[in-house]
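Engineer: First, the structure itself, so that you have it in front of you.
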Amino acid sequence: MTKQSKTKLSSKKIGILASHNGSGFQTIKNACDKSILNAQVVLVISNNSSSKALKTAEEMNIPNLIVNDKIYPNDNIDEKIAKLFKQYDCDYIFCSGYMKIIGSKLISSFEEKIINTHPALLPSIYGGKGMYGRFVHEAIIKNNEKKSGVTIHFVNEKYDDGKIILKKELELSKNETVDTLENKIKDLENQAIIEAFKNLLAWS
């Protein structure tokens, strides 16, 4: 067996949970394709039938599924998702803008294997229910904060409350706007996601 085939066989499998665009999913996929991460994205699940992440996965020939209460009214959705990720032998799950709280069954099935990214420094008032995306940046600008950043953390049963994997911060400029901050955080988030997974894959 060649060194290249050994590496390919030992690559980790990553599952994705996304509700909308799934930009973090694309960051991970690109890093896998370029061998920056010794891993592969094997499944994308969304609760939203209109999710752009599903279309992106389809274009990339990645298995993708819609799992929500409308499609599976008689199932425990949390348990359903856990079984699907197990079926695809996922080592890690990445929440790429997933807007549903993760339930106990999925968390217990993938303890410290479910990763989320948050566009602010945690713990802080800029985390928790309702604090996501642009809402975070608006609050930070409104409060005249001097810095912000990105937090990559494990997921538990509370919003933005899990064990922190890493944080990256940046200083706000004097004329910072919600738009400029959002763009800076997106760039920083891409760096943080890749660095976090490099660490996770090295530890596992």
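The values are calculated or read from the model by the stated rules, or taken from the named source; none is laboratory data. This is a predicted model, so every value here is computed, not measured. Please note: Cβ atoms are built from the backbone with ideal geometry, for glycine as well, and neighbour counts cover all protein chains shown. With ligands, DNA and RNA removed, areas are computed over all heavy atoms of the protein, side chains included. Shrake-Rupley method; radii C 1.70, N 1.55, O 1.52, S 1.80 Å.
Engineer: Checking the structure you have, find out if any residue of region 110-122 is at pLDDT 95 or above, over 15 Å from the mean Cα position of the chain (by Cα) and under 20 Å from Leu166 (Cα atoms).
Structural biologist: Scanning region 110-122 turns up at least one residue that is at pLDDT 95 or above, over 15 Å from the mean Cα position of the chain (by Cα) and under 20 Å from Leu166 (Cα atoms).
Engineer: Can you name every residue in region 3-38 that is at pLDDT below 95, of a type in the set (Ser, Thr, Tyr) and closer than 28 Å to Ser50 by Cβ?
Structural biologist: Ser23
Engineer: When you scan region 121-169, how many residues do you find that are part of a helix (DSSP H, G or I) and open to solvent by less than 70 Å² (accessible area, probe 1.4 Å)? It would help to see each step written out before you state the result.
Structural biologist: Applying the first criterion (part of a helix (DSSP H, G or I)) to region 121-169 yields 134-142.
Subset that is open to solvent by less than 70 Å² (accessible area, probe 1.4 Å): 136-137, 139-141.
Going through region 121-169 one residue at a time, the tally reaches 5.
Engineer: Those residues that are closer than 23 Å to Tyr92 by Cβ, among the hydrophobic types (A, V, I, L, M, F, W, C) and touching a Pro at 6+ places or on another chain (Cβ under 8 Å), I need them from region 114-163; list them, please.
Structural biologist: Once the filter is applied, which keeps residues that are closer than 23 Å to Tyr92 by Cβ, among the hydrophobic types (A, V, I, L, M, F, W, C) and touching a Pro at 6+ places or on another chain (Cβ under 8 Å), region 114-163 yields only Val150.
Engineer: Taking region 24-54 as the search range and keeping residues that are within 17 Å of the chain's Cα centre (by Cα) and basic (Lys, Arg), which one is surrounded by the fewest Cβ atoms within 10 Å (Cβ to Cβ)?
Structural biologist: Ranking the qualifying residues of region 24-54, first place goes to Lys52.
Engineer: Which of (1) out of contact with any helix residue (DSSP H, G or I) (no Cβ under 7 Å at 6 or more places or on another chain); (2) farther than 13 Å from Ser19 by Cβ; (3) surrounded by fewer than 14 Cβ atoms within 10 Å (Cβ to Cβ) is the odd one out, the single condition Lys86 does not satisfy?
Structural biologist: The one condition Lys86 does not meet is (1).
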